[in-house]
Amino acid sequence: MKKLLMVSTIGLLSVACLSFAAHPGKGMQRLDADGDGQISREEFQLPEQRRGPNPFARADTDGDGVITREELLASIESASQERSDAMRDRLVAMFDEADEDGNGVVTRQEMEDQAFARLDADGDGFITEEEARAMMERRREHRSQRQEANG
């Protein structure tokens, strides 16, 4: 169970994107502080988990406010044996992409920046409801392809 939680933590970007995209109208209303119908980077925040500490806090096992590569790898190692090398590679790539300054740790700010960039498809600095819906559709397609590949 701990392994699954840690893998979920590293997948925080996906969770944030999916959580927002699953109900774009609701997410838009909740995050759109100025009511202009789009989410600016200043308005965007990763979702908090309803049960227990948020995924970022669970991955940050020493509680220092950042996730190190070692914490990432430890969380992957603790995941069930069914986790493939491809998942490991994908999670490490996500970590490296989120580590904007290349210092070997990922801050919550870097995670939020990464999640925001994934949702802001046109790069204009705002997330529209259409962008959130498009992310959800891409996620559905990806899930469907994975299910087909796994038979």
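Listed values, structure above:
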| quantity | calculated |
| --- | --- |
| Qualifying residue in the stretch 120-139 (condition: touching a Cys at 6+ places or on another chain (Cβ under 6 Å) and assigned to a helix (DSSP H, G or I)) | yes |
| Pairs with Cβ under 8 Å, 6+ apart, first in the stretch 137-151 and without any contact (Cβ under 8 Å) to a residue 60 or more places away in the chain, second part of a helix (DSSP H, G or I) and β-branched (V, I, T) | none |
| Failed condition for R88, given (1) within 28 Å of A149 (Cβ to Cβ); (2) assigned to a loop (DSSP other than H, G, I, E, B); (3) at pLDDT below 80 | (2) |
| Criterion (crowded, with 17+ Cβ neighbours inside 10 Å, over 27 Å from R58 (Cα atoms), out of contact with any His (no Cβ under 7 Å at 6 or more places or on another chain) and among the aromatic types (F, W, Y)) met by exactly one of F116, F126 | F126 |
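The values are calculated or read from the model by the stated rules, or taken from the named source; none is laboratory data. Not measured: the values here are computed from a predicted model. We place every Cβ from the backbone using ideal geometry, glycine too, and count neighbours over all the protein chains shown.
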